[in-house]
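Attaching a single structure in structure tokens format; questions to follow.
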Amino acid sequence: MKVIFTNLAQKELNDAAAYYELEYPGLGKRFKEEIKKSIQRITEHPRAWSIERGIIRRALLHKSPYKILYSIEKDHILILAIAHQHRKPDYWVQL
């Protein structure tokens, strides 16, 4: 199934990876790899994760404090946010 990122989600992914890379060389790359693997699992089993709110589901990352917020659309998965779990938890709702 095709995956589409909102502009916000893409920016969050890039910002988080850049931050991790500054903290420790190579960590940003590992973060992006974890996101990629999680999205692959989402596309294989889109209904496997809990509902966050309404039709929005969340997939928690295992190695970092982020979650992927997504919706299942007719012909694709829409990634709404790559959200840090400890900062303004519902900021994405108003988007």
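The values are calculated or read from the model by the stated rules, or taken from the named source; none is laboratory data. Please read these numbers as outputs of a predicted model, since none were measured by experiment. All Cβ positions, even for glycine, are placed from backbone atoms using ideal geometry, and neighbour counts span all protein chains on display.
Scan region 26-43 and report the pairs whose first residue is part of a helix (DSSP H, G or I) and whose second residue is exposed (fewer than 13 other Cβ atoms within 10 Å of the Cβ), with Cβ atoms within less than 7 Å and a gap of 6+ or a chain change.
Gly28/Ala18; Glu34/Lys63; Thr43/Met1
Shifting gears a bit: Sort out which residues of region 1-49 are under 19 Å from Arg87 (Cα atoms) and aliphatic (A, V, I, L, M), and write them in order of number.
Within region 1-49, Leu8, Ala9, Leu13, Ala16, Ala17, Ala18, Ile35 meet the criteria.
Can you tell me which residue within region 1-25, out of those that are of a type in the set (Ser, Thr, Tyr) and outside any helix (DSSP H, G or I), is nearest to His76 (Cα to Cα)?
Selected residue: Thr6.
Within region 5-18, is there a residue that is buried (at least 18 other Cβ atoms within 10 Å of the Cβ), touching a Leu at 6+ places or on another chain (Cβ under 9 Å) and of a type outside the set (A, V, I, L, M, F, W, C)?
no
Taking the stated definitions as given, is Leu80 part of a strand (DSSP E or B), in contact (Cβ under 8 Å) with a residue 60 or more places away in the chain and surrounded by 11 or more Cβ atoms within 10 Å (Cβ to Cβ)?
When the stated conditions are applied, Leu80 passes them.
Let me ask you something else. Go through (1) surrounded by fewer than 16 Cβ atoms within 10 Å (Cβ to Cβ); (2) touching a strand residue (DSSP E or B) at 6+ places or on another chain (Cβ under 9 Å) one by one and return the number of the condition Pro25 breaks.
The one condition Pro25 does not meet is (2).
While we're on this one: Which residues, taken from region 32-53, are crowded, with 17+ Cβ neighbours inside 10 Å and at pLDDT below 95?
Glu52, the sole residue that qualifies.
Name the residue that is surrounded by the most Cβ atoms within 10 Å (Cβ to Cβ), counting only residues in region 54-72 that are in contact with a strand residue (DSSP E or B) (Cβ under 7 Å, 6 or more places away or on another chain) and assigned to a loop (DSSP other than H, G, I, E, B).
Of everything passing the filter in region 54-72, Leu61 is surrounded by the most Cβ atoms within 10 Å (Cβ to Cβ).
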